[in-house]
1. Just A21, A65, A76 to compare: in a GNM of the chain, with alpha carbon springs under 10 Å, which one fluctuates most?
2. More than 15 Å apart: what percent of Cα pairs in region 1-60 qualify?
3. So, by mean Cβ neighbours within 10 angstrom, what's the order for 2-10, 39-47 with the highest one leading?
4. Each label point is 7 Å from the Cα along the Cα-to-Cβ direction; what then is the distance between the points at K3 and A23, in nm?
5. Between S42 and E77, what is the spin-label point distance in nm, taking each point 7 Å from the Cα along the Cα→C-beta axis?
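No value in this document is a laboratory result; all are computed from the given coordinates. The structure displayed is predicted, hence computed values, not measured ones. Note: ideal-geometry Cβ built from the backbone for every residue, glycine included; neighbour counts use all protein chains shown.
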Amino acid sequence: MNKRTLKKSINAICDEIFAEAVALSLYGNDRNMENDDALIRSVIMLRANYISRISHPEPGMDVQAYYKDLRDKFTAEAQEIVDQLNA
């Protein structure tokens, strides 16, 4: 997976999570607005953080290992946000 594809994948996943978070905050019953706003902000920060990390890999680390670790960490953080949305 090259950088462009990885960026597109991260953008697409974050867009889906963001849309779900906004929909739940607007149409969900008995939702905590402060919690929903925090989740929406966390999606935005997640996207910005990982997109910038793709463009600027850490020096001294094996490139393949760096991007594998990046994908694994992104997946874990995105899943955590989705779990919070579904709670």
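1. A65
2. Every Cα pair in region 1-60 considered, those over 15 Å come to 55 percent.
3. Order by mean packing, descending: 39-47, 2-10.
4. The two pseudo-label positions are separated by 3.4 nm.
5. If labels sit at S42 and E77, their model points lie 1.2 nm apart.
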